[in-house]
Amino acid sequence: MIEKFDFKSSELERDAPKEMMLLSIISQSFFQPFSLEDNLLVTLTALTSGSGVGFNRAMLFLREGDRLKGEMWLGPGSAQEAGDIWEVLSTPGIGYIEIVEHNRALVRKNEDTLSRRIRDLVYAAGEGNALIPALASCRKEILLVKGAREEPLVDRRFLDIIQVDEFLCIPLLARDEVLGEIVLDNAITRTPIGPGDIKLASLCGLIAGNYIYSAGLHRKLLDMEKTAAMGEMAMFVTHQIRNPIVAIGGFADQLLQPGLPEDKRERNIRIIREEIHRLEHIIFQMGHFLKVSLKEPVYFDPAPVISSVLDSPEVQAKKPAYEMRVELEDGLPRLFCDPTSFGEVLRNLLDNAFDATPPGGRVSVRGYRKTNGWYVLSVRDTGKGITNPDKDRLFKPFFTTKEKGMGLGLPFIKRVMDTCGGQVEVRSRVGGGALFKLYFQYREGE
Amino acid sequence: MNKRILLVEDEKPLCLLYEEELSKEGYDVTAVTDADAALEALDKDPFDLIVTDIRMPGKDGIELITHIMGRRRDIPIIINTAYQSYKEDFMTWAADAYVVKSSSLDELKAKIRQLLDR
């Protein structure tokens, strides 16, 4: 017998041991399209997610160049607030997403007095004579401070803010590099910090360090990809723009020659007009692709967007020549994506399907839930299909098999899907049509 | 008898422009828009010179030239492309002349004359 389990369990096991609970919260955040800030928030949340688990408060410093700077401080400001928060968090049915969202709202709220209080705490990183809390990062050691008010190595300004006698400093390390620090305390419950707590916290510190490290690598990689793409783009644009310019110039020269018959004059003017139109299209597409950032994904109702794409004049104009099928499972859920980008993605896929398929062929759109937690929207055509070598290059900017394509549609789709933590998959064989599947995270209608 | 030129250019307006302008120069021009059509034409008729683009859907200009070299080594070839940067890569082995597309066809015409008079 084989039993299947899902990685993406959305609920915490409340009776699980706290070590499991912590790891569960943090590891599940990997499945979310969270930003670095959000992932760190998950870690802080995991460390402070209830009176029985972990610590009361967690403070985060991040390394910026050669400085260590206060970023975020999570936890209740008073016993009253603690009671309120812990009550919310222990409500049955509250999953880690809700907890993180609750904390995110808290941190971003202007009245988030805790985080505001530490944002101007800045220490030189790597200085030999640093004071606590920076000392832990300088020494790359976990430091448990007891009797802080009597300890001369504790920065007085820091002590004025944190106002506890006992706290734990965990440097965030990756590859022996200090990337930040977490400071933890039990200011409300006054529970002493035990060896078990220290072990757990250090584990979270390692994970947080690696979050920051991999986020940094990812940023570098994106920069490198951008530079390479710019080079390719410059070359491609030269080609794309030169051709219409040569045509415009050549046919204009003919117009200037005496004795050109009237029909040819008209034809030349028409060609010049069309080529200018093409140049405009190229510039529009480039501008569209180069848009610096896409909008943040949200959970939205895709039904009106899908209808507006299917009812658009462009799709309606193509429809009569094709057999078009639309099968959407009843009760569309809310998908996680920026709605405008979602519409453009669907439009792009339909354009490609129509372009690849000779009239008389079939283009189908399907939407359905997969058992593994994804919602799939697929576009299938019965067109010429895609060769294997082309399949590898499909999502690279400026690769195109269309006579006048820019090769920017599928890279755009990839970018959108990456931004919303989804996936795009292609299946095709030469002569056998193509199937593009988009995988979205979803929630049932609210 | 007029010299015969095989012109390979996937951009239809450009194909038309080159065909007309080179015909005016007194050449017999056969214009095709892809490499397969070019190879077909080469099988059917003798040509004195080939003008080809590089970036084309399907077989590109370099594949076309490789095919031609496998069959006939005696026809001069001019690469006529929008890419400046390919010149060093291909001039030495693939073509007798390399012209970067321009709205003035003077350079292309001059190179054709030069190669056909040789």
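The values are calculated or read from the model by the stated rules, or taken from the named source; none is laboratory data. Treat the numbers as computed from the prediction; the structure is a model and nothing was measured. As a convention, Cβ positions derive from the backbone with ideal geometry for all residues, glycine included, and neighbour counts pool all protein chains shown. Ligands, DNA and RNA are excluded from the accessible area calculation, which covers all protein heavy atoms including side chains. Shrake-Rupley method; radii C 1.70, N 1.55, O 1.52, S 1.80 Å.
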Please give the number of the condition A:Leu47 fails out of (1) open to solvent by 40 Å² or more (accessible area, probe 1.4 Å); (2) at pLDDT 70 or above; (3) in the same structural domain as A:Asp197 (by TED's automatic domain parsing). (1)
Could you list, in sequence order, the residues of the range A:267-305 that are without any contact (Cβ under 8 Å) to a residue 40 or more places away in the chain and within 14 Å of chain B (Cβ to nearest Cβ)? A:Arg267, A:Asn268, A:Ile269, A:Arg270, A:Ile271, A:Ile272, A:Arg273, A:Glu274, A:Glu275, A:Ile276, A:His277, A:Leu279
Taking the range A:237-266 as the region of interest, how many residues are open to solvent by less than 40 Å² (accessible area, probe 1.4 Å) and either at the interface with another protein chain (Cβ under 9 Å from one of its Cβ atoms) or not in a helix (DSSP H, G or I) (or both)? 13
Scanning for something open to solvent by 10 Å² or more (accessible area, probe 1.4 Å), over 30 Å from A:Arg139 (Cα atoms), modelled with pLDDT under 70 and not in a helix (DSSP H, G or I), does the range A:51-70 turn up at least one residue? yes
Specify which of the listed residues (B:Ile75, B:Ile54) is farther than 23 Å from B:Ser102 by Cα and among the hydrophobic types (A, V, I, L, M, F, W, C). B:Ile75
Which one of these does A:Ser308 not meet: (1) within 13 Å of chain B (Cβ to nearest Cβ); (2) in contact (Cβ under 8 Å) with a residue 12 or more places away in the chain? (1)
